[in-house]
Every structure is written in structure tokens, then in C-alpha cells.
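Engineer: Questions regarding the structure given below will be posed in turn.
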Amino acid sequence: MVDLAIVGGHVLTMDADRRELSPGAVLVEAGAIVAVGPPAIAGQVEAARTIDATGCLVLPGMINTHTHAAMTLFRGLGDDEPDRLRRFIWPLESRVVDSDSVHDGALLGCLEMVLGGVTCFADMYFFEEEVAAAAAAIGLRAVVGQTVIGHAAPDAATPAEALERAGALLADWRGHDLVIPALAPHAPDTLPAAVLKAVRDLSAAENAPVLIHLCETEAELATIRERSGLTPVGYLDSLGLLGPRLLGAHCIHVDEADIALLAASGTGVAHNMVANIKAAKGVAPVPAMLAAGVAVGLGTDGPMSGNTLDVIGQLGYVAKLHKLTAGDRTAMPAREVVAMATIGGARALGLDDRIGSIEPGKRADIVLIDATGAHMTPLYDPYAALVYAANAADVRTVTVDGRIVVEDRRLLTADTDAIKAAANDRRERILAALPG
Ligand SMILES: [Zn+2]
């Protein structure tokens, strides 16, 4: 007897051999994948639930390795403002971000992600305990990082206070099935070295992940060069922060030596193509990072940056912009992009022993993508269909840790109308608080 059988459909396992089964079956017991094979394996055991996946692509859940989910409340504001972070976002956040707003915004972000096939996300924000609670309420897997920044923040007057909040987050969520508490120092240039060292020590003592914006802007490079004579990657290395527990978001402005350091240290990278090109920041040299063995996953960045939180919407941009940048249509093939969205993200977050592929022993984070739409018909190459034609609305069913969270495009774990209404209720207050 197993809990769940997903039968039929074209299974993309994303295992090391990139094994596909068409049709295939996946058996789930106690939240874990116990068997993957032809549909006949489902006939050999009784299943409490059977999902007919005919017409679907069945693959590991999308992993969004970098976001700020609660910023859904600010989506679409100040999109074309210059120097937006300092002149627009930080002043706005200082006026309206509190634990209630993060609660509502994080739920909305989780709703959007899970309906779009994201089963795991890595988040950096203020009042991060609310993001942890939202992920747990929706039933999403999440690495939640409490922001530590060098100036007064909505939830902490000083970096020391932010570190205290982070310590409490680590203590409160340690050992949770889905939520992994983490530290989120904002960026190398927005924190003094002493605070970065304190983050390093707390992370080491608690074996906690660290999420940081890294090599995102030219201004960051200039500040760190002035402070240390090093690149931001070299600077973090000198502080002892690089390593498998660290995930650097963006890594746009990295040189060959930086890439070698990222690879040798096992530091993960979150690649946020759509947000990066919208902000005209540049294109991260991901093909070179992958060739060097760096663990690279995909991310959306916050919804003020990339505007949407679903990873499927990123896939085509990632493939096409790297082709354009390389001047080579064979660059960044579709299968490689799907790998980054799944097993690559798991590696970048140090979770590849648990998630990222459909293999016995891994947790059952699985998405069924309806491939019967006009835009995906006829189906030849499932990777190409997914990367170049699919969209978030094609996601039919989602399981996280073996639990069916979305079924036939409907969220089973929370009231979607109530989540959207709570966000809409904040609209007037946010408009009234916009920086002039
Ligand atoms: Zn970010």
C-alpha cells in the first residue's frame, strides 16, 4: 500500500542520467518517492490515491532560489524609477512594512508560486518569521532568511537587533519538515565587515544557510574594491563566508577568478535573468559558471524586480538571452534550463539530497504540467515545450512532501480569495505612502 500513485504522463526525472519515462509512474509513501518506473509498477501495489497524469509532463517541482515574497504588495510600483532601491523601495518599506503586511504579502507570494509549480523557494526579507509561517500554512518548502542590513530596517533598528531576530528565527523553526530558517545579510556593500563575520559565526554554529545579494551592481564592486581591494566574491572569501551554506543571488559581475572561487568553495548561485535584464544590470555569465561546476539555480527576485514569482515564466528568457549573449543558438539548451530550475536549484541550496529530481528516496515535490494546450500541441521535445511554450497557468497539480497542495489548478490548503482580498485591502494605504 502506498499513499499516492501518479500514473501516466511523460515523466522527466531530472536524475543524473536525465531518465524519462513516457508513459511513467511515480509512487509516493510517507512523503517520499518510493518507486519510479513504467505504469505497470502502479498495478503491483494498492494506492490510497491515484492521479491520472495522462497528457501531462510530470517533473520535480520548480525551485525559486531567490525572492522577497512579501513584496507582492508592491508589485508594479515604481517600475521605471532611477536608483529605485535607495530612492523608492527603502523609503516605501520604512513607511508600510510591518509584520502584518509581511504576513499578507508572503501568503500572496506563496499562492502565486505554488499555483505556478514552485514547490520550494529561498526568501530574504524583514519579519521573516511571517514568511516561514506563510510557507508552512500553504504547504511550501522554503529557505527563509532574516535580513540583516547596515542601516535601520522596518523590523530592526540596528544590525545587532537584526542578528537577534535571526537567532530567534533559527531557534523557532529548527527541525521543521518544510521550513529551513536562514540568515540573509543584504549584500557585501550594505553591511560592515564585523556584521558579516557575526553572520558567518552564527551560520557556522547553527549550520544555517546564508542568502546574500552578490556581485549585483557596479556600485557594489566599486565600494568593495575601495574597502578591501578585492572583488565582492574575493571579499566574502577573505571573511570566510564562501562555502556550501552560502547562496549568492545574481553574480552578474563576476570574473574568472570569482567563478573559480565559487566553484571550489561549493557556493551556490541564484540566477535571476528576468529581474536583471529589466533593471539593465547585465547578464550573469552562467554558461561559464556551469562549465566550472558552480551550482546554479534559477530565481525570480522579488516581485518589484521581476514582477512574477513563477519559475516557468523565467525559462524561455534564460535560454534565449544566453543564446543572444553568446551569439550562438546552441548555447543554453532547453534541457539545461530545466535542470537549473530543478536539480540545479536544489544543489545551489544544498538540498539536492532531498529534492530536485524524481528518484526513490527523495521527498515527493512533484508538478504535473498540462501539455494538451494548443500552444504545446503536438508535443515532440518536452524540454523545449516547457522552456519555450509553457506558462504558469499550465500547472495542473502540485505535491510538496507527498501532500497534494494544488489539484486541477485549485489550491487545497488555503482560501485564495481571502489571500487576494487581504492584499487588495492594503492598496490605498500603500499608494498613500509612496515616496513623492
Ligand atoms: Zn533580491
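Bear in mind these aren't lab numbers, they're just calculated from the coordinates by the rules spelled out. Since the model is a prediction, treat every value here as computed from it, not as a measurement. Virtual Cβ from ideal backbone geometry, glycine too; neighbours counted across all protein chains shown.
Engineer: Which value in nm describes the separation of the simple spin-label points at ALA433 and ALA152, placed 7 Å from the Cα toward the beta carbon?
Structural biologist: 1.5
Engineer: Something else now. When DSSP beta bridges are limited to those with both residues in segment 62-348, what percentage is antiparallel, rounded to the nearest 5? Could the numbers behind the result be given before it?
Structural biologist: Values: 1 of 31 bridges.
Just about 5 percent of them are antiparallel.
Engineer: With a ≥ b ≥ c taken as the square roots of the eigenvalues of the C-alpha gyration tensor of segment 118-256, please select rounded if a/c is under 1.5 and otherwise prolate if a/b is larger than b/c or oblate if it is not? Spell out each step's value before the answer.
Structural biologist: Working: a/c = 1.92, a/b = 1.61, b/c = 1.19.
Prolate.
Engineer: Also, quick follow-up: Run the reach check for LYS320 against lysines, Cα to Cα strictly under 25 Å, same-chain hits fewer than 8 apart removed. What comes back?
Structural biologist: LYS278, LYS281
Engineer: Mind checking segment 18-88 for GluC sites (Glu not before Pro) that DSSP puts in a loop (not H, G, I, E or B) and that have at most 16 other Cβ atoms within 10 Å? Intermediate results must be reported in sequence, preceding the final value.
Structural biologist: Values: sites: GLU20, GLU29, GLU46; in loops: GLU46.
Filter output for segment 18-88: GLU46.
Engineer: Right, another one. Check which residues have an amide H placed less than 5 Å from ALA364's amide H, if you skip close sequence neighbours.
Structural biologist: The answer is ALA32, ILE33, ASP401, GLY402.
Engineer: While we're on this one: Enumerate the aspartates and glutamates that LYS323 could reach by cross-link, defined here as Cα to Cα under 18 Å, with residues fewer than 8 away along the same chain left out.
Structural biologist: Excluding near neighbours in sequence, the set is GLU336.
Engineer: How many angstrom lie between the C-alpha centres of segment 76-125 and segment 154-231?
Structural biologist: Between the Cα centres of segment 76-125 and segment 154-231 lies a distance of 19 Å.
Engineer: So which trypsin sites (Lys or Arg not before Pro) in segment 171-240 end up in coil per DSSP with only 13 or fewer other C-beta atoms within 10 Å? Can you show the working numbers first?
Structural biologist: Working: sites: ARG174, LYS197, ARG200, ARG225, ARG227; in loops: ARG174.
Sparse-neighbourhood loop trypsin sites (Lys or Arg not before Pro): ARG174.
Engineer: Still on this structure: Using alpha carbons only, what's the Rg to Rh ratio of segment 178-270 with Rh from Kirkwood? Write down the numbers at each step before the final one.
Structural biologist: Numbers: Rg = 12.2 Å, Rh = 13.0 Å.
The Rg/Rh ratio comes out at 0.94.
Engineer: Residue-wise, which Karplus ³J(HN,Hα) couplings in Hz belong to segment 303-310, taking 6.51 cos²θ - 1.76 cosθ + 1.60, θ = phi - 60°, and x for glycine or proline?
Structural biologist: Taking θ as phi minus 60°, the curve returns x, 7, 9, x, 6, 10, 10, 7 Hz for segment 303-310.
Engineer: Note down the magnitude of the dipole of the chain about its Cα centre, charges +1 on Lys and Arg C-beta and -1 on Asp and Glu C-beta and zero elsewhere, to the nearest 20 debye. Can you show the working numbers first?
Structural biologist: On the way: 34 positive and 54 negative charges, 109 e Å.
With only Lys, Arg, Asp and Glu charged at Cβ, the dipole is about 520 debye.
Engineer: On to the next question. Among GLY234, VAL406, ALA374, which residue has its Cα positioned farthest towards the positive end of the charge dipole of the chain, with +1 placed on the Cβ of Lys and Arg, -1 on the Cβ of Asp and Glu, and the dipole taken about the Cα centre?
Structural biologist: ALA374
Engineer: Among residues other than VAL11 whose Cβ falls under 12 Å from its Cβ, what is the net charge (Lys/Arg +1, Asp/Glu -1)? Before the final figure, lay out the partial values.
Structural biologist: Working: positive: ARG18, ARG19; negative: ASP15, GLU20, GLU359.
Summing Lys/Arg as +1 and Asp/Glu as -1 gives -1.
Engineer: Give the shape of segment 330-436 as rounded, prolate or oblate, defined through the alpha-carbon gyration tensor: a ≥ b ≥ c are the square roots of its eigenvalues, a/c under 1.5 means rounded, and otherwise the shape is prolate if a/b is larger than b/c and oblate if not. List each step's numbers first, then the result.
Structural biologist: Values: a/c = 1.67, a/b = 1.55, b/c = 1.08.
Prolate is the answer for segment 330-436, as a/c is 1.5 or above and a/b outweighs b/c.
Engineer: Please give the length that would be gained between ASP415 and THR330 if that part of the chain were fully extended, namely 0.36 nm times their separation in residues minus their C-alpha to C-alpha distance (nm, one decimal).
Structural biologist: Details: separation 85, 0.36 × 85 = 30.60 nm, distance 4.40 nm.
Full extension of this stretch gives 26.2 nm more.
Engineer: I would also like to ask the following. Considering only DSSP states other than H, G, I, E and B, which chymotrypsin sites (Phe, Trp or Tyr not before Pro) in segment 333-436 qualify as loop sites with at most 14 other Cβ atoms within 10 Å? Show your work: numbers first, answer last.
Structural biologist: Values: sites: TYR380, TYR383, TYR388; in loops: TYR380.
Loop-located and lightly packed - TYR380.
Engineer: Size of the dipole of segment 204-354 about the Cα centre, Lys and Arg at +1 and Asp and Glu at -1 on the beta carbon, nothing else charged, in debye to 20?
Structural biologist: On the way: 11 positive and 15 negative charges, 77 e Å.
Dipole about the Cα centre, nearest 20: 380 debye.
Engineer: Once you order the gyration tensor axes a ≥ b ≥ c over the Cα atoms, which shape class does segment 62-348 get: rounded for a/c under 1.5, otherwise prolate or oblate by comparing a/b with b/c?
Structural biologist: On the way: a/c = 1.34, a/b = 1.14, b/c = 1.18.
It is rounded, given that a/c, with a ≥ b ≥ c, falls under 1.5.
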